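This report refers to the structure that appears directly beneath it.
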Amino acid sequence: MRKTFSLLIGLLLTATAFAMTEQERQAYLDWMNEALPEVPEFTAWQQKTGELPPDFDQLPSNNFLPDPLTFEDGTPVGPSAADWEKRRNEIKALYEKYMLGTMPPKPSTFEVEVTSESSGEGYYSRSVTLHFGPENKGSVRVSITVPTGMPGSKYPVLLTPSLQGWGNSLLRRGYISAGYAGSDFSDDAANLQELYPGYDFATLPRRAWVARIVLDYLATVPEVNMEQVAIFGYSRDGKMATIAAAFDDRFAAVLAGSTGVGGVVPWRFSGERGGGEGIESTTRMFPGWFVPRLRFFSGQEDRLPVDANLFLALIAPRAILMEWGLNDEVANGWAMEQAYNSALKVYARYGAEDRMSLMHVPGFHGSNDQEKMLDFLDVQFGRSNKKWNYEFLYTWSYDDWKKKAGSKIDPQQYPEHKTDEPLAKSLKVWDANLDQLRASVLSMLGDRPVTMTATRGGGFGGFGGFGGFGGFGGGAASRRPGPIELAKNGSANPGQLAPDVPTWVVARSSGEFGWVAPAKDKVASKRISFGDNITGDMYFPADVPDTVKLPVVIWLHGYNFPLGYMWVYRRDPHPVLAFPEAGYAVLAFNQTGFGGRYDEYADFYNRFPNWSRLGKMVDELKSAVDALERDAMIDASNISVLGYTMGGTVALYGAALDERIKNVISVCGFTPMRTDTKANGTMGLKRFGDVYALAPRLNLFEGNETRVPYDYDALMAMIAPRNVLVVQNTKDRDADVAGVRAAVERARTVYKWKKAEQNITLQSPEDYARFNTAEQQAVIDWLKEHTK
């Protein structure tokens, strides 16, 4: 007893030692109010309730998806149904606390008011209003259209948050079409907070809650097969449908169309790091969708106890289909596949793995294939013997790769390093070790396939003189052939178009892509090709004389799977506009596996098991430099590289291996590898293999991090005496900020030896990793100082 009591006291003391004080939580709120865009609804809620940000120190950092089969206290979920039910209830409570708001019990009774009835050949339609709640002051309008071709039969149902439903599409397939007023266009859930003042459920959860009452009504319709009721929603309505199915087991299936974050796209893998909508933008632009408390997690997604995969876990073993468009600026196919993989273990408990799947269609947000969705329901409801197939676009198995190619490296054969050891004792020793260091870097990037050196139009010609990186070259475009043409098809769903970027930013909602005035009116552009059939876009000041040669910045994007080099739901000017406004040309392109190059992801390691995607990205960067050297518009002596998150990693590798790059800027681009462990709450070396399939050889050192043959301090020192700017935000959730600072200082030693200490700079904005307008301007100011 004494030992147990002492252990408990120890745990409590440890928890208290790492708890945020009330002053620290208030300071965090003060930072939010100063740094983040104002949201009047959030401010009013916070002032009314006095609620402070949560104690983030008490919420464990997890940059991976929360494990559905692990309780919040870290205890594994046992094999019993009771244990899983306990975990399900915990997940629901966490959703209500942090994201949805508390929801009242469903009313036990309701009254039906028939408002209209009609019939046609083979069907009848009925519209009703359901009255419910205290004094029957709540109401929701419902419409149904029922086939009558087989009297006495029961039919499957598809419910939508629109009174029109799917009508003919469902009738001809033998379904009942049901709809209710649960969308922006007609929202009968709008007054529920006044009706239930003791509950704080937000707009989308309110609409999902009302769907439960609609289900009660459908149970009274004789033709309804209550074992086969599905719910559909698209975009924000898709979030609602996902919530409804997660909280009401009577929904046998859900069709979740391009839900974006807050539905089946994880918050952790989207946001600014993923080039898409995130907690900050969602709670700013649509403050009523979720409980205001969610906004506290802007940039702190790793602390949020729930994410999209847990919705899927709650729906198991029932059917769910997740739809997204190949050019969908709201969805994120890679992130959705990660959510699928996480939830699959829950479906496996039921032996129901085939009940969860995905579907991609051509086009942007708004693309939808109703007939294919009904094909899925037919399979799930036993109305079709066909097998549903989904071709995973981002399939990758680190374990399979390790069996095939990873056995070539044994981390135990590499020497250990102290995490704070200096890079060398002197410049002489550093220079003597440089060739070996380069060889180590190339080894981790993998073995580049042999290719021919181009005989015209340029070529690779080796990486900085140490060979092994020959290949095809590409010709740069002529000086100024005119702007990129807008894709001719300006319809809502233009399919897989090229060029896609102008279609996004011009034909669609341009302001949300950082394509803002006046910068967008001052830029011209042209399309160039380079390397192995890579297409890039060059942006430059529209009014620059033809005789002027421009300094150029190569923009390397982050983990932007759907959009490549663009981003969305950002009011900050995009760098491809901000830098031309400051007098620079900018070359931007989708890196391999991103944007329109998604089809390069899945088969990469089947084709090149001994190479790496990071190696290919570095290779492509060199090809871009080749093309810029030949471009008549460009001052080849002033080539800079700017990378954000993943792009910052590529930028450092590329500059370390290519001396033609004069300046390199890495924005939240790395955390030291030798300390990238679970103890720091970062993603660890899994980021290179298991998660992003970037450089799986580095993943082999997981558990042996101190044996990684080099680290980012060495990469930066390899660039000396050229100019390096590291921008490391103090609130970056996936970096050891102190470790980054220490790495810069170790690299600075080599710069001192080369009499170039002023050429390496660290900027530390007090913000999370979002590269906002102020940070862009600070980078531009630094760059101007180093491109004179």
Subject >> Ranked packing of 425-434, 160-169, 711-720, most packed first, by mean Cβ within 10 Å >> reply: 711-720, 160-169, 425-434
Original post:
For region 315-320, in order, what is each residue's ³J(HN,Hα) by Karplus, 6.51 cos²θ - 1.76 cosθ + 1.60 with θ = phi - 60°, in whole Hz (x at glycine and Pro)?
Top reply: 6, 4, x, 6, 7, 9
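Rounded, prolate or oblate: which fits region 636-788, taking a ≥ b ≥ c as square roots of the Cα gyration tensor eigenvalues, rounded meaning a/c under 1.5, else prolate when a/b beats b/c?
Working: a/c = 1.73, a/b = 1.40, b/c = 1.23.
Prolate is the answer for region 636-788, as a/c is 1.5 or above and a/b outweighs b/c.
Could you work out the local net charge near ASN663, counting Lys and Arg as +1, Asp and Glu as -1, over the other residues with Cβ closer than 15 Å to its Cβ? Mind showing how you got there, number by number?
On the way: positive: ARG660, LYS662, ARG722, LYS784, LYS788; negative: ASP635, ASP658, GLU659, ASP781, GLU785.
For residues surrounding ASN663, the net value is 0.
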**OP:** Under 1.5 on a/c is rounded, so check that first for region 196-237, then, if it is not, pick prolate when a/b is larger than b/c and oblate when it is not; a ≥ b ≥ c are the square roots of the alpha carbon gyration tensor eigenvalues.
**Re:** oblate
**OP:** Compute the FRET efficiency between LYS137 and ARG571 as 1/(1 + (r/R0)^6), taking r as their Cβ-Cβ distance and R0 = 56 Å, and round to the nearest 0.05.
**Re:** 0.90
**OP:** May I ask for the distance between the Cα centers of region 513-580 and region 402-446, given as a whole number of Å?
**Re:** 36
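In what sequence, highest mean first, do 439-446, 105-112, 193-200, 293-300 appear when ranked by Cβ atoms within 10 angstrom? Write down the numbers at each step before the final one.
Details: 439-446: 18.8, 105-112: 12.4, 193-200: 13.9, 293-300: 22.4.
Ranked by mean Cβ neighbours within 10 Å, highest first: 293-300, 439-446, 193-200, 105-112.
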**OP:** Would you mind checking the tilt of helix 40-49 against the longest principal axis of the Cα atoms of the chain, expressed as 0 to 90 degrees and rounded to 10?
**Re:** 70
Subject >> Tilt relative to the chain, helix 203-218 - C-alpha long axis, 0 to 90 degrees, to 10 >> reply: 30
Original post:
With axes computed from alpha carbons, what is the tilt in degrees of helix 370-380 against the longest principal axis of the chain, rounded to the nearest 10 within 0 to 90?
Top reply: 70
Original post:
Which percent of Cα-Cα pairs in the chain sits in each 10 Å bin, short to long?
Top reply: 2, 13, 22, 24, 19, 12, 6, 2, 0, 0
Original post:
Hey, can you rank 518-525, 723-730, 545-552, 645-652 by average C-beta count inside 10 Å, highest first?
Top reply: 645-652, 723-730, 518-525, 545-552
Subject >> Eligible lysines near LYS403 by straight Cα distance, threshold 17 Å, same-chain separation 8 or greater >> reply: LYS686
Subject >> Under-5 Å amide H pairs with GLU421, H placed in peptide plane, nonlocal only >> reply: none
**OP:** Report the antiparallel proportion of the DSSP beta bridges in the chain as a percent, rounded to a multiple of 5.
**Re:** 45
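In this model, which of LYS239/LYS345; LYS92/LYS387; LYS408/LYS662; LYS345/LYS408 are farther than 25 Å apart at the alpha-carbon? The partial results should precede the final answer.
Working: LYS239/LYS345 22 Å; LYS92/LYS387 32 Å; LYS408/LYS662 35 Å; LYS345/LYS408 31 Å.
Among LYS239/LYS345; LYS92/LYS387; LYS408/LYS662; LYS345/LYS408, the Cα-Cα distance tops 25 Å for LYS92/LYS387; LYS408/LYS662; LYS345/LYS408.
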**OP:** Would you work out what percent of the accessible area of the chain, with all protein chains in place, is carbon or sulfur (probe 1.4 Å)?
**Re:** 51
Original post:
Once phi is turned into ³J(HN,Hα) by the Karplus curve 6.51 cos²θ - 1.76 cosθ + 1.60 with θ = phi - 60°, what whole-Hz value does each residue of region 605-617 show in order, with x for glycine and proline?
Top reply: 7, 6, 7, 10, x, 9, 9, 8, 5, 5, x, 5, 4
Subject >> Centre separation in Å (Cα based) which lies between region 718-788 and region 172-229 >> reply: 53
Subject >> Calculated from backbone phi, Karplus (6.51, -1.76, 1.60) coupling profile of region 167-178 in Hz, x at Gly/Pro >> reply: x, 4, 4, 7, 4, 6, 9, x, 10, 7, 9, 10
Subject >> Nonlocal amide H pairs with ILE176, under 5 Å, H built at 1.01 Å >> reply: VAL157, LEU158
Subject >> Placed amide H near VAL641: partners under 5 Å, 5+ positions off or other chain >> reply: ILE554, ASN663, VAL664, ILE665
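The values are calculated or read from the model by the stated rules, or taken from the named source; none is laboratory data. On a predicted model such as this, the values are computed, not experimentally measured, just so you know. Cβ coordinates were reconstructed from backbone atoms using ideal geometry, including for glycine residues, and neighbour counts include every protein chain displayed. We work out accessible area using only protein heavy atoms, side chains counted, and drop any ligands, DNA or RNA first. Shrake-Rupley method; radii C 1.70, N 1.55, O 1.52, S 1.80 Å.
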